[in-house]
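The values are calculated or read from the model by the stated rules, or taken from the named source; none is laboratory data. In this text the structure is predicted, and so the values were computed from the model without any measurement. Cβ sites come from the backbone with ideal geometry, for glycine too, and all protein chains shown count toward neighbours. Side chains included, ligands, DNA and RNA excluded: accessible areas come from the protein's heavy atoms. Shrake-Rupley method; radii C 1.70, N 1.55, O 1.52, S 1.80 Å.
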Protein chains: 2
Amino acid sequence: MTLLANTPKPPYYAVIFTSVRTADDNGYGETSNRMIELAEQQPGYLGAESAREDVGITVSYWADLESIKNWKANTEHQEAQKTGRKLWYESFKVRISKVERDYGF
Amino acid sequence: MTLLANTPKPPYYAVIFTSVRTADDNGYGETSNRMIELAEQQPGYLGAESAREDVGITVSYWADLESIKNWKANTEHQEAQKTGRKLWYESFKVRISKVERDYGF
């Protein structure tokens with residue numbers, strides 16, 4: 001397995017989730033891992049990349065907007081989003097974008 | 001200053017640059033910092049976020065495709081891209097995407 005997401009030829013969608021954490025752990029690690037596991041099972045999921053230093057960045061890739069909407073509405077994910085807003089994130093931003101072109105090696 | 005990029009109301013563009021580093025340092029840190037400094041001076045630059053663990057992710061935000069094209073063609077940046085391909089990156093991917101919607105706090 002490569003560390004970079006093996007996405008198909010564009011167009012597809014990227015959800016860019018950036019955040020600054022609070023000091024509050026409170027199950028963050030477990031939930032974070034569970035959300036990755038759960039996202040991977042969703043229809044339209046194409047892969048993800050994640051790193052955290054001062055800022056955390058998770059980019060997940062999706063086939064279409066419908067898949068993103070369904071993932072956002074997932075019941076277990078909704079619970080995690082609520083706890084995130086309340087406890088884990090000092091600030092966050094979700095950006096939904098359409099990948100038009102890519103290159104690399 | 002907030003750690004998350006303070007981008008305007010969409011639409012705007014995001015360049016998602018993900019990479020896996022080699023063990024070769026060879027001026028990587030200096031060039032990396034210089035490229036951020038230089039990007040900030042480009043017309044159409046809106047901000048950036050960056051983090052590295054196993055994978056490095058830098059997302060830079062731009063007003064339009066023209067600004068992205070000009071930044072890619074910048075002479076000093078071109079030199080850095082060449083060295084990146086040759087020495088610093090085991091693998092990388094650049095994804096050019098149009099941010100259609102965002103939310104957060």
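Residues in segment A:41-63 include none that are under 20 Å from residue B:103 (Cα atoms), modelled with pLDDT of 95 or more, in a helix (DSSP H, G or I) and open to solvent by less than 40 Å² (accessible area, probe 1.4 Å). Need the failing condition index for residue A:84 against (1) open to solvent by less than 70 Å² (accessible area, probe 1.4 Å); (2) part of a strand (DSSP E or B); (3) within 11 Å of chain B (Cβ to nearest Cβ), just the number. Of the numbered conditions (1) open to solvent by less than 70 Å² (accessible area, probe 1.4 Å); (2) part of a strand (DSSP E or B); (3) within 11 Å of chain B (Cβ to nearest Cβ), the odd one out for residue A:84 is (2).
Only residues that are more than 25 Å from residue A:94 (Cα to Cα) and either of a type in the set (S, T, N, Q) or open to solvent by less than 50 Å² (accessible area, probe 1.4 Å) (or both) were counted in segment B:13-34, giving 8.
Report whether or not residue A:26 is modelled with pLDDT of 95 or more and either away from chain B (no Cβ under 14 Å) or in a helix (DSSP H, G or I) (or both). No, not satisfied. With respect to residue A:69, determine if the residue is out of contact with any helix residue (DSSP H, G or I) (no Cβ under 8 Å at 6 or more places or on another chain), more than 8 Å from chain B (Cβ to nearest Cβ) and closer than 26 Å to residue B:10 by Cα. Judged against the criteria, residue A:69 is a match. For the condition within 7 Å of chain B (Cβ to nearest Cβ) and over 14 Å from the mean Cα position of the chain (by Cα), residue A:89 does not qualify.
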